[in-house]
Amino acid sequence: DDETPPASPFDGLVASWDDERLAACLAFVREWNTNARRAGVAQALLSSILRSIPFERLKQLPGVASLVDGLLPYTERHFLRIDKLAEASFVIDYTLTEINELEGR
């Protein structure tokens, strides 16, 4: 899929960071990503980092491999949770449509 994610308000800010600030932010993202309440912000910031910073630069950051290892399991869980919520919303939508049809609306 060649779909480009929408731009984020973080994009311009992230692009201006030096490596030290970028590494620190990735550490915060890893921590925030462990909590469902903060995962949305963490994912938005991570998306901006991945969009704005070249891969060659990212892979040279100290400790980036362990940061990625810490991000992956929680990111996968959040996407699974979102998929289940989306699926449940389709079931609710279908049910409401059927009820409306039965009531003659």
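The values are calculated or read from the model by the stated rules, or taken from the named source; none is laboratory data. None of the values given here were measured: they were computed from a predicted structure. Methodologically, a virtual Cβ is constructed for each residue, glycine included, from the backbone with ideal geometry; neighbour enumeration extends over all protein chains shown. Just the protein is used for accessible areas: all its heavy atoms, side chains included, with ligands, DNA and RNA removed. Shrake-Rupley method; radii C 1.70, N 1.55, O 1.52, S 1.80 Å.
Restricting attention to the stretch 1-63, which GluC sites (Glu not before Pro) occupy a DSSP loop and are surrounded by at most 11 other Cβ atoms within 10 Å?
For GluC sites (Glu not before Pro) across the stretch 1-63 that sit outside H, G, I, E and B with at most 11 neighbouring Cβ atoms in 10 Å, the list reads Glu3.
Of Ser48, Leu102, Ser89, whose Cα points farthest to the positive end of the dipole of the stretch 7-105 (charges on the beta-carbon: +1 Lys, Arg; -1 Asp, Glu; origin at the Cα centre)?
Ser48
Where does each of 90-99, 75-84 land if you order them by average Cβ count within 10 Å, highest first?
Ranking, from highest mean packing down: 75-84, 90-99.
At a 1.4 Å probe radius, which order do Ser16, Ser48 fall into by accessible area, largest first?
So, going from the largest accessible area down, we get Ser16, Ser48.
Take each uninterrupted DSSP H stretch in the chain, measure its Cα extent along the helix axis, and return the ones at 27 Å or beyond whose mean Kyte-Doolittle hydropathy is at least -0.5.
Answer set is 64-102.
How much area per residue is accessible in the stretch 48-87 when the probe is 1.4 Å and only protein heavy atoms are counted (Å²)?
I get 72 Å² per residue for the stretch 48-87.
Over all alpha-carbon pairs of the stretch 41-96, lay out the pair-distance distribution in 10 Å bins, whole %, shortest bin first.
Result, from short to long distances: 19, 38, 22, 14, 6, 0 percent.
In the chain, what percent of the accessible surface is made up of carbon and sulfur (1.4 Å probe, ligands and nucleic acids excluded)?
Exposed carbon and sulfur together represent 60 percent of the surface.
What residue among Ala86, Ala15, Ala42 shows peak mean-square fluctuation when the chain is described by a Gaussian network model with Cα springs under 10 Å?
Ala86
For the chain, I need the span (max minus min coordinate) of the C-alpha atoms along each principal axis, in Å, sorted largest to smallest.
63, 24, 24
Dividing the Cα radius of gyration by the Kirkwood radius, what Rg/Rh value follows for the stretch 12-65?
Radius of gyration over Kirkwood radius for the stretch 12-65 works out to 0.95.
Counting alpha carbon pairs within less than 8 Å and at least 6 residues apart, what relative contact order, in whole percent, applies to the stretch 1-84?
Relative contact order for the stretch 1-84 comes out at 35 percent.
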